[in-house]
1. Test of understanding: in a Gaussian network model of the chain with alpha carbons linked when under 10 Å, which of 39, 112, 75 would top the mean-square fluctuation ranking?
2. Of the candidates 121, 24, 14, which one comes out as most mobile in a Gaussian network treatment of the chain with C-alpha springs shorter than 10 Å?
3. Which of rounded, prolate or oblate describes segment 77-140 when judged by the alpha-carbon gyration tensor and an a/c cut-off of 1.5?
4. So for 42, 3, 111, what's the accessible-area order with a 1.4 Å probe, most first?
5. Probe radius 1.4 Å, ligands and nucleic acids ignored: give me the carbon and sulfur share of the accessible area of the chain as a rounded percent.
6. Which order do you get for 134, 28 if you rank them by accessible area with a 1.4 Å probe, largest at the top?
7. Go ahead and set up a Gaussian network model of the chain, Cα springs under 10 Å, then flag whichever of 107, 128, 118 fluctuates most.
8. Quick one: compute the contact order of the chain, relative version, from alpha carbon pairs under 8 angstrom and 6+ residues apart, as a percent.
Amino acid sequence: AGLEEDPVVPGKFWNHHEFRTSSWRTWIDGCETGGSGYPLDLQLGGALVAGTTASATVDGTTPFAQVYLYNGSGPGSTTVPGVGTLDIANGNRLMTRTANAAGTASFVRTLPGRLAGFTVWLQAIDEFGALSQIVNEQIQ
């Protein structure tokens, strides 16, 4: 038996155990600790207001990794070729940033005035396929 932390997903652990009924068997299971259940943490820098500058940070990625911020139309799935699958439908890449030495990527973008009243569904994914939680917010 043993318990090991996943080398790619911080806070996720894998356990294995051998047992015998009529023959030897192996049991393997994974679990995640605390937080949103996602390895990356996406946080907005405040309310989203049309015609102003919005900011967001993504924490928990590998230092100097590429981090991609996506907007979608709601819950669902979008395949990011060569990277992984988002938990939002119709994902559209907004920006790409390189994480700093602490594993944090920062995003800043001006929101056009015409977006007032729209709801955004944001999710980040890094180059290794680690995901953030989904953040949905209406632009004021």
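1. Taking springs between Cα atoms under 10 Å, the residue moving most is 112.
2. Most flexible of the set in this elastic network: 24.
3. Since a/c reaches 1.5 but b/c is at least a/b, the shape of segment 77-140 is classed as oblate.
4. Highest to lowest solvent-accessible surface, that is 3, 111, 42.
5. Values: 4120 of 7920 Å².
Here it works out to 52 percent.
6. Values: 134 55, 28 115 Å².
Ranked from most to least accessible, the order is 28, 134.
7. Maximum fluctuation in the GNM of the chain, among the listed residues, is at 118.
8. The value is 25 percent.
The values are calculated or read from the model by the stated rules, or taken from the named source; none is laboratory data. In this text the structure is predicted, and so the values were computed from the model without any measurement. Using ideal geometry, Cβ is built from the backbone for each residue, glycine included, and neighbour counts are taken over all protein chains shown. Surface areas here come from the heavy atoms of the whole protein model, side chains and all, with no ligands, DNA or RNA. Shrake-Rupley method; radii C 1.70, N 1.55, O 1.52, S 1.80 Å.
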